[in-house]
Every structure is written in structure tokens, then in C-alpha cells.
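Everything below concerns the one structure shown next.
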Amino acid sequence: MKKNLHFVLALTLGLATTVSAQDWSVDSRTRVNSTEDATSTEQRVRAAVEFGGEAVSVYAEVNSFTTLGALANQGITNSLRQAYATTNLMDFASLKAGRMALTFGSGRIMGDNDWVQENGNTWDGFLFGINNDFADVHVGYSTADNTEATDMIPFAHDASRMFANISKDMGNMGFNLFYTSTQSEDMLNMDDVSMGLDATYAMDNGAELSLGYYTNDNNGTEMDLTSLGVSYAVNDDLTVHAGYDMYGENGFYMASGSFGDFYGSGMEYSTMTYEGTDMTFGGSYAMGDFMIGATMHTIKSENETIDYSVMDLSLGYSLSDNSGVSVNYATTDRTGEDVTKTWISLNVGF
């Protein structure tokens with residue numbers, strides 16, 4: 001598989017030399033993590049370029065990150081986060097091949113996990129999309145073949161994943177159905193099947209209702225999550241939202257997923273492997289090019305052994321149609337002491 005991936009990347013770079021550059025973007029994030037005992041500062045920069053047109057296009061993205069003030073021998077880690085080519089198949093379908101960061105539905109099962117400093121979740125393979133008036137259909141396949149253990153992957157890993165996603169909008173209603181199956185032939189010996197259903201309904205009074213149900217069966221261990229939510233546009237500038245997540249007996253957490261729309265802080269990055277609930281409420285207010293937002297999470301376990309809260313605050317400013325800057329602050333008392341994270345993000349596109 002490594003040879004196949006090298007061929008795709010070489011083809012991507014080869015195509016990039018035959019067409020003119022169209023879009024560039026640079027994303028920078030500086031994050032300060034603080035506890036009562038220590039403070040660390042992380043820096044991440046992602047630079048991306050897209051070439052081509054409607055028939056064939058190429059996208060490449062480089063990720064660089066480091067911990068500021070750390071030992072000199074840590075240095076800066078650079079990696080190729082994404083590199084893929086997309087082609088239009090006679091207006092009937094589209095084919096994307098290479099290394100991709102993908103998000104389907106709410107992202108609870110398959111999401112790019114933008115919170116981490118490293119590459120997040122990316123997949124090496126292809127994605128086939130069918131163009132039709134009935135529904136938006138995508139079918140994909142990805143594989144990983146790491147024959148030797150490394151510092152980042154401490155064990156040999158050979159796995160393949162097949163997935164399919166169908167989404168449909170019908171007036172005020174919207175549906176998204178996702179299915180994935182993963183098999184590995186390594187020390188994990190994993191046989192994993194996951195399904196997710198997202199549904200939304202926009203009411204005439206400005207409220208939007210949402211429902212999500214997700215299941216995962218990993219070698220006989222079953223996890224499930226039911227998510228209920230509502231958002232209400234008070235006016236053109238102010239929106240409020242509330243949600244209630246109910247985790248099954250074994251909780252629900254997937255490393256291949258993200259945390260949903262309201263998990264901006266990543267404070268719940270550790271595994272949610274217990275039965276419990278997460279109640280959220282918050283809102284956002286736009287003032288011209290400025291936007292402020294706040295969300296409060298209250299997490300409780302069924303056996304009452306885990307009980308904590310998370311608060312997210314954000315302030316953003318739009319520099320242009322494709323550029324902006326934001327400041328975020330998050331705090332939690334999960335570990336018994338106050339843990340805070342503050343980060344500044346700058347995105348420039350041209």
C-alpha cells in the first residue's frame with residue numbers, strides 16, 4: 001500500500017506542475033494549556049494550495065507544529081496532512097484519491113478532529129461521489145499498512161476501512177446516514193462496524209430540531225449514543241442552542257471521529273467510556289464583523305462517580321470573505337483542579 005500511496009502523491013505533485021495555482025490558504029493556531037502546576041504553549045501552522053479546474057483539481061496541505069519553549073531537540077514536526085486529486089467523471093460522478101481529511105454527518109463516527117496539533121484524522125484511499133437529484137451519495141475505501149513500528153505508531157498496523165454516506169434534504173427536513181466497517185490483521189485484531197443517523201427539522205418559527213443516533217460494535221463490545229438538540233434564531237444576530245447527549249452502557253467514543261458542532265474546546269478528548277449524559281446550552285451573537293459565543297457543558301455519569309463541567313468562550317473577527325481571526329478560552333474542573341486552554345487562530349485565504 002505504501003507504493004500505491006507514493007504513486008498517488010507523485011501523481012498529485014505531477015498534476016500540480018501542469019496547472020496554475022488557484023487558491024492558497026494559511027491557518028495558524030497558538031494554544032496555551034494551563035493547570036495549577038504547569039503551563040505549555042503549542043504552535044500549529046497549516047499551509048494549503050489547490051490547483052486545477054472543474055475537470056481535474058489537486059489539493060495539498062502541509063502541517064507543522066511544535067511546543068514553544070520546549071527543549072531545543074524537540075524542534076518542529078512537519079508532515080503532509082492532505083494530498084489528493086479530484087476528477088469529474090462525465091458529470092455523472094466525482095472521484096477523489098490520495099490522503100484526505102473527511103467528515104460525514106455530525107462527525108461523531110468519521111471526522112477530521114481538528115482539535116489536535118498533529119494531522120488529526122486522515123485516510124489514505126479513494127472517495128467516489130455520485131451526482132444525482134435524489135440524494136448525495138459517497139462511497140469510500142481507505143487502508144493503512146505500517147509494516148514497522150515507529151515512535152508515533154508503536155505497533156505494526158494493517159487495516160482496511162469501507163464506508164458509505166447518504167444525505168438528503170427534503171424541504172425543511174434533512175437526513176444523513178453513515179455506515180463504516182473496519183478490519184485489521186494486527187495485534188488489535190479489530191472487527192469494527194459503526195452506523196450513524198442524523199436528522200434535522202427547521203421550524204417556521206426559527207427553531208431547528210436535531211436528532212442523532214450512533215452505534216459501534218467492536219469485537220462484540222457495543223457502544224451507543226443518542227443526541228438531541230435545538231437551536232433558535234432569536235433574530236438575525238442572536239442564536240441560542242441547547243443539547244442533551246445520552247451515552248449507553250459502554251459510553252461512546254471513536255478515535256476516527258470528532259466531537260460534534262459544540263465541542264470546540266476538545267476538553268472531552270479523553271475517552272467517554274462510561275454511561276452518562278452531557279447537557280449543553282449556549283449561544284452566539286454577531287455584531288457586524290465580530291462574533292461572540294459561549295457554551296456550557298454539564299457531564300454526569302450514571303453511577304455518579306464522574307461529575308464535572310466545561311465552559312467554552314469565543315470571540316471572532318472576519319477580516320474578509322475568506323479570512324478571519326478568533327480567540328477562544330475553555331476551562332474545566334474534570335481532574336479536580338481548574339484546567340484552562342486559551343488559543344488564538346488566524347486563517348488567511350487568497
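Ranking H297, G324, Y253 by Cα position along the charge dipole of the range 208-350, where only Lys, Arg, Asp and Glu carry charges on their C-beta atoms, puts G324 farthest toward the positive end.
Measuring between their Cα centroids, the range 47-64 and the range 204-254 lie 33 Å from each other.
Coupling constants for the range 136-142 follow from the phi torsions by the Karplus curve (6.51 cos²θ - 1.76 cosθ + 1.60, θ = phi - 60°), and in residue order they are 8, 10, 10, 10, x, 8, 9 Hz; glycine and proline get x. To the nearest 10, the accessible area of Y213 is 110 Å² with a 1.4 Å probe. Modelled spin labels at T41 and T305, positioned 7 Å past Cα toward Cβ, are 4.0 nm from each other.
Accessible area per residue was computed with a 1.4 Å probe on protein heavy atoms; M296 scores about 50 Å².
Between D236 and E337, the simple spin-label model (points 7 angstrom out along Cα→Cβ) gives 4.9 nm. Proximity of backbone amide H atoms, modeled 1.01 Å from N, is registered between D23 and E50 at under 5 Å, excluding neighbours fewer than 5 places apart on the same chain.
The values are calculated or read from the model by the stated rules, or taken from the named source; none is laboratory data. Note that the structure is predicted; figures quoted are calculated from it, not measured. As a convention, Cβ positions derive from the backbone with ideal geometry for all residues, glycine included, and neighbour counts pool all protein chains shown. These accessible areas exclude ligands, DNA and RNA; they are computed on the full protein's heavy atoms, side chains included. Shrake-Rupley method; radii C 1.70, N 1.55, O 1.52, S 1.80 Å.
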